[in-house]
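**Q** Below you will find the structure I want to go over with you.
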Amino acid sequence: MRWVVGFLIVFIFFLLASYASFAFGQSAASGERKILVDSVVVSGTQAIDAAELADIIGSLPGSKYDDDPEEIQERLRSAFQDRGYIQAEISKFEMKPIDPLASPKPVRIEAELHEGPLCTFSSVEFTRSHFMSTEELRAMFPLKVGDVFAKAKIAGGLRSMMESTRAYGLLDAFAVPQITVTGTAVSLVVDVHEGPQYRMGELEILGPAEVEEKMRLHWTIEPGAVFDSGYITKFIAENSSLLPANFVEGDGVKVFRDCKASTASVHIHLVQDSQHDMLDRTLTRRCDNPDGKEQ
């Protein structure tokens, strides 16, 4: 019997606003009301003993999440999938408030779940990858043939793969993974969508003239060379002594893609300038159209 699951991961470096976004930990802050998991009670499992069950669900109690039953169900199911129970299904689920007025609201989770058979990893295949070899891609996935299948390790491999594409200028790359379960063997096919290869466009540094001159001398990606977006963080770290004390890469560095020309320009703002900020907001719309034309 074959059981097929497809899931799309588009890495905008959140990573796991994606399939991997269900990795365990505290939820990101949001305006939604939060819950605090007080306890988790799971019934219906067939072959899992009490000790293994406690280990699987142990990361949930004490964690805060958005008050979203669907998200909590997926987190619970993912806990089993990370231990090889890839076909785990929840038939009943309930979040029982302990103190409805508290913030975050403490809840008791009760679920009936059938874990299915314990599955192992059998193979992985990569399609449409032109810049990285199969050997390079395979090394990013820590599972060996015969290992208990772990969804989190597949997600981690996909993250590593997408991060590696940055060195090749593949700013639009994403991967579509599909798993197939035959009996208890799980095979993985990763379809790689590389998109265009971006090359270095313009470097703009807005700040004191002497600082701009020094930073330009240190910048090593020449115009027209393959654009490695991972270089930016390294460049900022190596030139930290030239930057303002309150400089933050996420605010002070912007990358603008020209989709039609397949170029990426880098703007580094060491000082605030309303005129340049307005221009930057215009440039962010360059890739809104599929044909790459500016709006």
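Nothing in this text is a laboratory measurement; each read-out follows from the coordinates by a stated rule. Just so it is clear, the model here is predicted, and its values are computed rather than measured. Don't worry about glycine lacking a Cβ; one is built from the backbone with ideal geometry, like all the others, and counts go over all protein chains shown.
**Q** Mind running the shape call on the range 199-283? Use the C-alpha gyration tensor, a ≥ b ≥ c as the square roots of the eigenvalues: rounded below 1.5 for a/c, prolate if a/b tops b/c, oblate otherwise. Don't jump to the answer; show the numbers that get you there.
**A** Details: a/c = 1.78, a/b = 1.20, b/c = 1.48.
Here the range 199-283 falls in the oblate category.
**Q** Report the label-to-label distance for Lys153 and Thr233 in nanometres (one decimal), using points 7 Å from each Cα along the Cα→Cβ vector.
**A** Reported label-point gap for Lys153 and Thr233 is 2.4 nm.
**Q** In addition: So, with +1 on the Cβ of K and R and -1 on the Cβ of D and E, and no other charges, what is the size of the charge dipole of the range 199-283 about its Cα centre, to the nearest 20 debye?
**A** Charge dipole, the range 199-283, about its Cα centre: 280 debye, nearest 20.
**Q** Taking the simple approach of a point 7 Å from Cα along Cα-to-Cβ for both Lys144 and Ile90, what is their distance in nm?
**A** A separation of 3.4 nm, rounded to one decimal place.
**Q** So, one more: Starting from the Cα-Cα distance between Val253 and Glu52, subtract it from 0.36 nm times their residue separation and give me the gain in nm to one decimal.
**A** On the way: separation 201, 0.36 × 201 = 72.36 nm, distance 4.69 nm.
Extra length available between Val253 and Glu52 comes to 67.7 nm.
**Q** For the pair Ser103 and Ser39, what calculated FRET efficiency results from E = 1/(1 + (r/R0)^6), where r is the Cβ-Cβ distance and R0 = 22 Å, to the nearest 0.05?
**A** Working: r = 19 Å, r/R0 = 0.85.
Efficiency computed from Cβ-Cβ geometry: 0.75.
**Q** I've got another one for you. Relative contact order, percent, of the range 31-114 when contacts are C-alpha pairs under 8 Å separated by at least 6 residues?
**A** Working: 138 pairs, mean separation 36.7, N = 84.
Relative contact order comes out at 44 percent.
**Q** If the cut-off is a Cα-Cα distance under 21 Å, which lysines reach Lys64, setting aside same-chain residues fewer than 8 apart in sequence?
**A** Lys34, Lys96, Lys105
**Q** Within the range 125-143, find all residues whose amide N lies under 19 Å from a label point positioned 7 Å from the Cα of Gln178 along Cα-to-beta-carbon.
**A** Flagged as within label range: 125-130.
**Q** Among rounded, prolate and oblate, which fits the range 31-114 when a ≥ b ≥ c are the square roots of the eigenvalues of its C-alpha gyration tensor, a/c under 1.5 means rounded, and a/b larger than b/c means prolate?
**A** Here the range 31-114 falls in the prolate category.
**Q** Would you kindly state how much longer the chain becomes between Leu217 and Ser59 on full extension, computed as 0.36 nm times their sequence separation minus their alpha carbon distance, in nm to one decimal?
**A** That works out to 52.0 nm of additional length.
**Q** So if I place +1 on the C-beta of Lys and Arg and -1 on the C-beta of Asp and Glu, and nothing else carries charge, what would the dipole magnitude of the range 123-242 be about its Cα centre? I want it in debye, nearest 20.
**A** Dipole size: approximately 560 debye.
**Q** Can you sort Phe149, Phe174 by how many other beta carbons sit within 10 Å, fewest first?
**A** Phe174, Phe149
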